[in-house]
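The values are calculated or read from the model by the stated rules, or taken from the named source; none is laboratory data. Note that the structure is a prediction, hence the values are computed from the model and not measured. Positions of Cβ are generated from backbone atoms using ideal geometry, with glycine treated the same way; all protein chains shown enter the neighbour counts.
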Amino acid sequence: MIFTVAIDGPAAAGKGTIAKALAAHFGFDYLDTGLLYRATARKALDGMDAVAAAKALTPHDFQRDGLRTAKIGQAASKIAAMPKVRAALVVFQHDFARRRGGAVLDGRDIGTVICPEAEVKLFITASDEARAERRWKELVERTPNLTQTEVLKDLRARDARDSERSTAPMKAAEDALLLDTTAMTVDQALAAAIALVDARMSAGT
């Protein structure tokens, strides 16, 4: 069976948590596409050309320390706006999405560019303030002086960069199902996502 769940949305909306849980629930493979860009950014920050870094990624690169830091996240957002970097990673992502056994991918352009033929497209979002609070809670233990105001500013800057770039901007696909997690617990958001995927799977049988 080929069945793809494409999940898009801004940072800290909950898409990664939901994507991993959906994959586990349905027994699908999971790919965090943002990690591809973070790993590429880490190699670029180490001095490698960004396009060459994207072409040279290995599984080891996904295990490197520090890939989830705010610094790497900002760098990843910048190189993700480079058309040649995106092109270098598109084929890998699409092949993963259409593998047999089912796949869940989350990112910024999965439903619009990587896999527009996905059986289910979700656009997961939340208010800026809710996302900033969530991201701050993730980062403050490692960065005690970090404020929610700083995180909010960074998130909005990243949103603008992701949605305004000329190549594969972040946006909901026309047929995407919107899931706003602002007032939801993790369990509530996951239950809502499972229900949406179940409905599409049932409709296709």
> How many residues does region 136-162 contain that are touching a Pro at 6+ places or on another chain (Cβ under 9 Å) and farther than 25 Å from A80 by Cα?
Replying inline: 0
> Given the conditions (1) farther than 27 Å from D198 by Cβ; (2) assigned to a loop (DSSP other than H, G, I, E, B), which single one is not true for R100?
Replying inline: (1)
>> Where the second residue is of a type in the set (F, W, Y) and the first is closer than 23 Å to H94 by Cα and lies in region 111-139, which pairs have Cβ atoms under 8 Å and are six or more apart or on separate chains?
In response: G111/F123; E119/F3; V120/F3
> Within region 62-108, how many residues are of a type in the set (A, V, I, L, M, F, W, C) and under 25 Å from R134 (Cβ atoms)?
Replying inline: 11
> If you go through region 151-164, how many residues are within 15 Å of Q74 (Cβ to Cβ) and either in contact with a Ser or Thr (Cβ under 9 Å, 6 or more places away or on another chain) or hydroxyl-bearing (S, T, Y) (or both)?
Replying inline: 4
>> Just to be sure before I move on: is A23 at pLDDT 95 or above, under 29 Å from A189 (Cβ atoms), touching a strand residue (DSSP E or B) at 6+ places or on another chain (Cβ under 8 Å) and not in a helix (DSSP H, G or I) in the structure I sent?
In response: no
